[in-house]
Structure formats: C-alpha cells, structure tokens
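Below: the structure, in structure tokens.
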Amino acid sequence: MVVRALSSAAGVLALLSEPDPSFKQHALTALHPLVPQFWAEISEHIALMHVFLSSCLPSSHSYVLYSESLYESDQLPKIARDVAALLASKVYYYLGEYDEALSFALGAGSAFEEEARNYNSSEYIETVISKAIDRYILQRSEEAFIGTKIDSPLQSIIESIFQRCIDEGEYRQAIGIALESRRLDVISRIYSITHDVSLLSYAMEAVLDTGFSLLYRDQILNLLLPLFPAPSSRTKSSHIHSLARLLVTLNNPSLTVPFLTSLVPKENLLAYQFAFDLAEGGTRDFLEGVRKLLPEGTEQETKDIFDKLRNVLGGQESVKFYLEFLKRTNKVDMLILKNSKESLEPRSSIYHTALTLQNAFMHAGTTSDIFLRENLEWLGMATNWAKFSATAALGVIHKGYFQEGMNILGPYLPQNGVESQIQGAAYSEGGALYALGLINAGCGNEQTVENYLRDTLKNAQGEIVQHGAALGLGIAGMGGRSSAAYDDLKETLFSDSAVAGEAAGYAMGLVMLGSASQTCADEMITYARETQHEKIIRGLAMALAFVFYGRQEEADETIRSLLTEKDPILRYGGVYTLALAYAGTSNNDAVRQLLHIAVSDTSDDVRRAAVTSLAFLLFKNPGQVPRIVQLLSESYNPHVRCGATLALGIACAGTGMQDAVEILEPMTKDGVDFVRQGAFIALGMILVQQSETSSPSMSSTRALYTKVISDKHEDPMARFGAAVGQGLIDAGGRNVTISLQSRAGSRNTNAIVGMALFCQFWYWYPLTHCACLAFEPTAIIGLNEDLKVPKFEFVSNARPSLFAYPAPAIPPKRETAAKMATAVLSTTAKVKAREKRKAAADPDAMETSKKDGDVEMKMEDVGSEESKAISTKRKAEPSFEKVANFSRVTPAQLSYISFPSDGRYQPVRPVSLHAQAAKGGRALSTGVGKKGNGSSGLLSERYAGGGGILILVDERPGDEVELIDLSPPEVTANGSAVPNGHASE
C-alpha cells in the first residue's frame, strides 16, 4: 500500500488548540519535520485560529508568537518549551529573520544542542551557528571596549563550537574564531593539546595579513612568542621564518635581544641567520636598538660572536654580499640598449630621460657604467633636468656601493661645499647629491653621508642643488627620525621655493617614516594650506602618507581630515595616507573606501591615485587584484584605466600572473597615450625574471617593446613607458625581482616607499629612479661560520629552461636592395649565345647556375641537421640541474631547491616554506611548464619566503675549505668604478 504524501500541515496544527498539554507537546514535535515544506502555511494558518495573538504582530508572524507563548508557558515542561523555541527559530529562519532565529535558538537550550549534534547539519544549523559566531565576536569586542556582558546561552553555544572543532581536529577553524572573538586562551589551549608549531605560524600569519588593530595585534604576537619552541639548526626548524617575521613586526629590541642572547654560543649559526633576516626586514631604529642592547660577551668566543651579530645587524654586510652578487652575475644585453639609443632622439628631453632610466634600471646595483662610458656624446646632449636625471642614474647603477659612493660621484658633487657657477653645472651637482642618497639607501647607520648632505643643504643657495640634497637626505636617512635633519629640511621648506620645497616635503616624510608624529603632521597640513605652490603641497601630501606608514587606525583621523579637503592635492595625499597606513593588510574597509573614491571623486588625479593605491593594500594577495580592477580597467575615464595598470603592475610584480597580463595586453593598444604608458610599465614589473617557458607572454612583450620604441610615429609618452618597462623587465642585470614583501614575509619598507615615490613620475620624472628601492636581488648566498662564501653546489629540481636567463637579442637582419635589370645590347646578347653553345659542347664546363643550386641544397641540409639537433636537445633536457653557490635563484625556483643529504654544507633553516624537492636532492617529476600551465603553478610559491643569505652547517669541518674570492671592485684614478659589462662571461 502506497503512503500518500502530506499535502497540508492543518491536521497537526489543529492539535495546538487542544487544551491538553500533551497534545500540544505532540504537535510541536510533529511539526519540526514539516517546517521545511509547510513553513508558509504554518505561519499563516495559526493566525486564523488565534486572532487575539495577532493584535500586536503581522499575521505572518502569528504562529511564531504562539510558539513564543508556548515557550514561555508554565503549563509545558522545560523540554517542550525548548522544542517550541526551536520551532519558532526555524520558522523565523525561513522567513529570513536570522537575528530572531538566533535569539530563539539560544533559548531552545537542549533542543538546539541536540539538533546541532547531527554532523550532517542542515543549512538552518549552519546559518544559525554562523550568526551566533558573528554576534559573539561583536559582543566580545563590545565587552573589551565598553564592558557589556555576554549572554550565557550564546557563550555555551560558542564553547560547544570550540570543543567540536577540537574533537574533529579542525584546529585552524577554531583558531580563526578565537582570533576574531579575542579568545586567546583557546589558542594556548589548542597548542597545549597538539604542540603543533605550524598552528602558531598560522595564527601569526592570520593576524599579520588581516586588518586587526595594532594594539590587539601586538597582544596576540606577545602571546605567541613564548609559545614557539627554541629553534635548532640541526633540525632545520620550520618556524624560523615565522619567528623572524614576528620579531620584526613587534619591533621591540627588549624582546629580540634576550632571544638572540639565548642562542649564543650553542646555536651561534642560527643567531647569525636571525641577524641577517632581521637586518633585511627591520626598521633602522629597531636594529639600532638591538645593536645597543646586545651584551659585549664575557669570554673571547662570545665576544667575537656578539661583535659579528652587531656588524650583521648594521645592514652593511648584507648589502656587500648582494652588491658582489649583482656585479658578478650581470647579464645585461647591451644590444637592447643600443637599439633603444638608435631609435630615441637624444635631443628630445623625454627620450633622453627614457633611455637614462632604461639603462639605470638594467644596470641597477651592478656598478657597471659601461654604457655611459661608450656613449659620452649622447650623455653630453642632456640639458637641464635631463642632466639631473642622468647624473642621478649613477646612484641607481652603484646602489649599495656605499664604500666608494663619494669617490664615484666626486667629480659631480659641489666642490668644497660650494656650488659651481658654470652654467648648467647645478643640475649635475643636484643629481649627484640625489644619487648619493640612492647609493646609501638601506645601508644602515652610516652617518657620514647624512651629515654631508645636511651641510650641503644648509650651505646651498640654488634651488636645484637644494632639491637634490633634500631628496638624497630623505632617502639616505629614511626612517631614521633624526630631528636635526627634519629641522634642516623644514627650514628649506619655509623658504617657499617651489622646486626646493617639494623635495623638502618628500624628505621630511621619509625621515619621519612611520613615526605617526602628530606634531609633524599638523605642521605639514598647516603649511600645505597656506602655500600657493602646488609642487610643495604635493610634496607635503606624500610626506603625510610616509609619516603614518603602517600605523593603521592611528592614521584614521588624519585620513578623514585629508579626504574632506577642498584642495584635490591634499585629497590625493589622503588616498596615499590611507594606502600606506594599511599597507599589506588587505583591510576591507580601506579597499571599499578606495573603490568609492575611484568612482566618485571630482579630480582625475585623485581617482587615478585611488585605483593605484589598491596595490599597496593587496600586494600580499596579488591574485585578488585582477578581479578587483577588471571593471576599472574598462572605465570610460582614462585616468582610472591608467591607475588600474599601475595597480596590476605593483601588486603582481614578479609573479608573471597571466590574469594580470591578459588585462594589460589590450591596454597597450588603448587610444590614450598615458594609458599605454602605464600598461608598458606594468608589464615590465609583472614579467621581471620570467622565462619564455614559464610565461607565454614573455617573448611577445619583448617584441612589443622593441616595436614601440622603434616606431617614430608612436606617442612620446608611450615610447617612454616602453623604454622604462624594458628597463624593469631586465632590472639589475636580470638578477633582481620587484617585491613589496621581504623574504620572511614582513613588509619590505624600502620597496613600498620606493614604489610610492615611483608613482609620482606622473608629475616629476626624476622620482622614477626610486623604483630601484624595490629591487630585490634573487640569489642563494651560502655563508659558513666565519661569514665567508664557500664553494659548493645545490640542486634545482626543475627543468633548466624554466628558470633560465633570456636568450640574447638577435641583431636585426640587413635587407639588401634588389638589383635592377640592366639593359643588354644586341651585340652582347649574340656574344653570350655563342659562349653558351661552346659551353654545351664541352662537358667539363662548370655551370654557374648549378653551382649556386648545389650551395643552396647544402645550406638546406645544414639547416635541417641543426633543427634535428635542436629538437633532440629539447627532448633530452634534464629534469634538474646543479647550481653553484652565489648564483641566481628566482623566487618561484626556491621551492625546487634542495641540498643533497650527503653534501658537505646544509642550511640552518629551510630554503623555502614550500619545498617540493625530494629528500637528498633527487629530481622530482614536476608538471611545471607543461602546456596550459603557464606561471599559474608557480604563483602560489611567489611569497613562500626563503632564499637570500643562508648560514651553513659544515658537516665535514676537518676538511680544507675552498672559498669564493670576494675582492672589492677596482677603482680607477678618476674615482669611478671599472665597468664590468658581462662580468660573468
């Protein structure tokens, strides 16, 4: 007999009107399975039977009200009242009233708990639990700030959620809820149960990569630090990266010094490793504080160790090693620069600057000025500010060569502190002062250069020299918070010179970077409102962004003030203040605010800046950026489209992300010149250090650059963008990437500031040089206990072509003009005919035409043999390669690096957090580079951390050590470094 399906709940509903409580209790139980099908009928039907209950609510809620009355009735037992509350909660859920559904679920007590225990929970349970977590997080926040109490039923549900997560092993989910709800005790409890260090790293990354307040963030990190176990060099503790990032973020020398001291002398190699990692990511004041607090050491052994630690924390040791790496492995293709020089008219200031920037970026940090030496006539054509930029380019080329900076720039610097009176010399002197700052950027506590720049700034009378000195002082003293330097710059600002005042504004912000000094901010805002010079206002607007760098909620009041200003330049500064204050946090409110400004502000400059600034918020999650700016890239407003190009370039720099490239490629054909300019620059940033195997767009982009630069009918701005993009794609001799994140995962302050200044090239070309601050050498530099570089090899478990250097450019083929047919006289024709008849009669005669044909056949044979050899070579490509110490290893390649288990040297920490190599260095069969994979398979490893300078454990300390000779570059008599060109060839 077939059971007929229910078509109505009327029969069960009728039982609710019975006077006997047992009937009502039965009806409540029977209605539960009927709610999903008959919830509409249930909420409507009871209204007709209990009109008196509907007098205070709409009829659609009358059954629920009746359920409430049953829930509150003393005539029913507690279990029945809980069932009534659960029923009311379910009906409210289907009515879309989720808050009411949660309220009754909290009152359902044991009935809701029984329902929630079902592991195959319905959408109703998931929704109510989600709402319960949201309400709990809100009430916990209010409890922290206001002191309100949390409902005990809600507390009970959340505790059951935590327990269920722990029982089922969903520890990360529990940690996520605990972080949001400020339940730090849960994190400690989970770690005490699991002793899983990866959970501590997960909690730390969750805090640092989301928009928690600074106070709460530091509270969590201070909780996590003592929970991490002591690292060991023998076990290659996986949490060394996390500890370094945690210490850098806390920025507290009093916590860092005891940690480093605890490693000496038993784990001195690990102490050196931490010192190098801290020097890379820490701020200047933090590192200086650690150096001062480090003990002297009681014995000779510990004294030497602490002296080395102080030396490493100064930052100059890292700079020396990376400088030597860039110098030795320089792979600049001079033919590319030669072709650009031949195509760009040198007498045009914009083209001269474009080639200057291209050369500077391609040779950044290599100390090779061979292109300038070989093209002195071209260099002499620079005039005015083009000469300023050309001289400043020496700072980019010799960046990090702080030992010889003054000697290299000596011929261009003001002699004896006095400006030259020769016409045009001021531009060279100003550019040299700017270059001096670039050379010493991030080189630690070098005070000599800063004092020299301060003295020059005070003694200079011309605004051009003041401009260069101010920029140099700001970059060299970045983050130093020197009150003396700030006062000198402020005095230059108050002279109200537009050119000098703009540079002074930028420099004041750089010196006070991240200080959040309200006094400085008030002085800047006041002067910006009073002055009439737009250049000064813009310099101060960006200075405010630098002052509040990384300060998050502490900058909110200043941001609100700037964004409501009538002056669009100050609103522009407000946009960058918002972006830099929340840099790298992916803060949803900040992203939402920038998107609103991008489509609503009346100023095109502000809208462009708002779109570009998205990159500074989201650079830790580059995969989100193409999706966010997709529609903006198709905006009717060209300034918004231009901002979208730079946002993609900065956020996705070095990733080779195909989604970003696919958005940019159509924009290279945009009808507006500055949009094409932005697209060319962004493509260079994204494709830096990509190979043709890993990125299918690499070869086409290089060909596009060559075509645009060579096309004399192309707009100057687009050709400028193509030249800069070509410089970026081959930056640093093809041995650097562009990264706004340090290897430990913390924010790369120099890179973020450098890119923010680079974006100002729209108004002032010399600031384009600041992009070099974001260049990060990509190498593995192994050091032994004495901080020397031993010779050894490690293994890259990937096909060599995947991470190979680009092939050299091929010189263009010279087209020979076709020969015109010559007129032949009748007598000549008769003579040739007789000669042919004689030749035909002589079988030994050589036929010219046949000879030519034979040569062609031989050439074809040679060509086919070469093609066969190439195809055989491709098929036989190995799946791994051995790489020598002090060699280039790209960020995507790090996860394929392994040290052979039987090798003499082993690193004290993992090379990468996401190692894919087999143990012992055996090659793995990876699918990277297969058709359709592109670079997407490498994208997840882009921010894996690792690489850089690695301290090595010597497994055979008794054997003789063979070291790489790191002799310093020779210096010629006139004080400039010897050009090295292809130093490694």
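Observations on the structure shown:
- Interchain or long-range residues, amide H under 5 Å from Thr737's placed H: Glu776, Thr778
- Net length gained if the chain between Lys791 and Glu662 were fully extended (0.36 nm per residue, minus Cα distance): 42.2 nm
- Sequentially through the range 339-353, phi angles give Karplus couplings (6.51, -1.76, 1.60; θ = phi - 60°) of 5, 5, 5, 6, 8, 9, 5, x, 6, 8, 4, 5, 6, 4, 5 Hz, Gly and Pro residues having no value and appearing as x.
- Sequence-ordered 3J(HN,Hα) estimates for the range 298-314 from the Karplus curve with 6.51, -1.76 and 1.60 and θ = phi - 60° stand at 8, 10, 4, 5, 5, 4, 5, 5, 5, 5, 5, 4, 4, 5, 5, 5, x Hz, glycine and proline given as x.
- Each of Ser192 and Arg117 was given a label point 7 Å from its Cα along the Cα-to-Cβ line. The distance between the two points is 2.7 nm.
- Applying the criteria of a DSSP loop state and at most 11 other Cβ atoms within 10 Å to the chymotrypsin sites (Phe, Trp or Tyr not before Pro) of the range 606-647 yields Tyr636.
- Relative intensity of the range 519-604 on a log10 scale, I(q)/I(0) at q = 0.22, 0.24, 0.26 Å⁻¹, equals -1.03, -1.20, -1.35, per a Debye sum over C-alpha point scatterers of equal strength in the absence of solvent.
- Per-peptide average of other Cβ atoms within 10 Å, ordering 668-675, 884-891, 149-156 highest first: 884-891, 668-675, 149-156
- Distances between placed amide hydrogens fall under 5 Å for Val883 paired with Phe794, Val795, Ser796, all partners being 5 or more residues away or on another chain.
- Lys707-Ser967 pseudo-label distance in nm [points 7 Å out on the Cα-to-Cβ vector]: 4.8
- Using R0 = 25 Å, the C-beta based FRET efficiency linking Gln173 and Arg234 works out to 0.15.
- For the range 683-815, the carbon plus sulfur part of the accessible surface works out to 54%, probe radius 1.4 Å.
- Cβ-placed point charges (K, R +1; D, E -1), dipole of the range 340-403 about Cα centre in debye, nearest 20: 160
- If only the Cβ of Lys and Arg carry +1 and only the Cβ of Asp and Glu carry -1, the dipole of the range 393-511 around its Cα centre is close to 240 debye.
- For Leu323, solvent-accessible area (1.4 Å; no DNA, RNA or ligand), Å²: 20
- Spacing of the modelled spin labels on Thr127 and Asp304, each 7 Å from Cα toward Cβ, amounts to 7.2 nm.
- Sequentially through the range 238-243, phi angles give Karplus couplings (6.51, -1.76, 1.60; θ = phi - 60°) of 6, 8, 5, 4, 5, 5 Hz, Gly and Pro residues having no value and appearing as x.
- Whole-Å distance, taken between Cα centres, linking the range 499-546 and the range 887-905: 46
- Exceeding the 28 Å Cα-Cα cut-off - candidates Lys338/Lys669; Lys327/Lys387; Lys341/Lys535; Lys308/Lys331: Lys341/Lys535; Lys308/Lys331
- Interchain or long-range residues, amide H under 5 Å from Leu783's placed H: Leu950, Ile951, Leu952
- Inter-centroid distance (Cα atoms) of the range 725-778 relative to the range 556-572, Å: 27
- In the range 662-807, taking the dipole from charged Cβ atoms about the Cα centre, the farthest positive-side position among Gly684, Ala804, Tyr705 is held by Ala804.
- Debye intensity ratio I(q)/I(0), log10, the range 170-246, q values 0.13, 0.14, 0.18, 0.21 Å⁻¹ (C-alpha model): -0.36, -0.41, -0.68, -0.92
The values are calculated or read from the model by the stated rules, or taken from the named source; none is laboratory data. Note that the structure is a prediction, hence the values are computed from the model and not measured. Here the Cβ is made from the backbone with ideal geometry for all residues, glycine too, and neighbour counts use every protein chain on show. These area figures cover heavy atoms from the full protein model, side chains too; ligands, DNA and RNA do not enter into them. Shrake-Rupley method; radii C 1.70, N 1.55, O 1.52, S 1.80 Å.
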